[in-house]
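Read the structure below first, then the notes.
The values are calculated or read from the model by the stated rules, or taken from the named source; none is laboratory data. Keep in mind it's a predicted model, so treat the numbers as computed, not measured. Note: accessible area is taken over every heavy atom of the protein model, side chains too, but ligands, DNA and RNA are not part of it. Shrake-Rupley method; radii C 1.70, N 1.55, O 1.52, S 1.80 Å.
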Amino acid sequence: MANDYFAFKQFTVYHDKCAMKVGTDGVLLGLLANISGIEQREDVKVLDIGTGTGLVALIAAQRLAHAEVTAIEIEPNSAMQAQENFVASPFASRLKVVQGRVQDYSTDIKFDLILCNPPFYNGTLTSPDDKRTLARHALSLTFDELAHSASRLLAEEGQFVVVIPSYVEGQLTDCCTKYGLYLNEETKVYPNINKEFKRVVVQYSRIKTELAESKLLIDDPPGYKSAQFKELVKEYYIGPLK
């Protein structure tokens, strides 16, 4: 039976009330976001769209020691659990949850970093579990709405970072371009040396630049975590990785 929580070195994430559990995508989003230029600032504002368990927001709070992190979540039970995870963390004073739709979120704050692990299933099949449908389908947040919301809330020199399946990257990039956000960085995530990448972490800003490309190998060889992955998560995961 799966645990109701996932313990990291500095915080624990309970996910028994959430439709979507702690997963590698959230970890990759939190850790691969390029924070150069803001990591030493004391006035950094971060927004996590669709926080779910609060995992990505917690990673952001650990990486950015002075950041104030706002996490928005549409599903009430998930928002409640994220709040519980925040309160139990050492970063509680810098984390807050907003329950609702990002499309309706109004604030005077402009965010230096916006993170999102978005719903991406655009097919007609939906889960009988309404919470899971909200979490996994682009019914509650389309790419166009996501890009528009990010552009509206992003600081002038801010960064918008998303983890998505590679097959929908073009759709998201087109929507971002429509709202004046341009693809600057892309990390292709390979499950192992024998498989093609299926996930990408993409970073957008208001500035057009030459695309910086990189890749991350999860397993090398298959079944054993790569040295690259171990280095990425060493300050977060507990215990040795196989």
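Structure values in brief
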{"item": "Extension gain (nm, one decimal) between Gln40 and Lys9, 0.36 nm per residue minus Cα-Cα", "result": "9.0 nm"}
{"item": "Listed residues Tyr224, Tyr204, Tyr179, most fluctuating in the chain (Gaussian network, C-alpha, under 10 Å)", "result": "Tyr224"}
{"item": "Of all accessible heavy-atom area on the chain, the percent that carbon and sulfur account for (1.4 Å)", "result": "50"}
{"item": "Amide hydrogen neighbours beyond the local backbone of Val97, cut-off 5 Å, H modeled", "result": "Ala71"}
{"item": "Average accessible surface area per residue within the chain, 1.4 Å rolling probe, Å²", "result": "49"}
{"item": "Entry for Rg and Dmax of the Cα atoms in Å (calculated from the structure that is shown) out of (1) 16.9, 48; (2) 18.0, 52; (3) 17.3, 60", "result": "(1)"}
{"item": "The range 1-69 and the range 177-192: distance between their alpha carbon centers, rounded to Å", "result": "19"}
{"item": "Proximal lysines relative to Lys96, as straight alpha-carbon distance under 29 Å, when same-chain residues fewer than 8 apart are discounted", "result": "Lys9, Lys17, Lys21, Lys45, Lys110, Lys131, Lys234"}
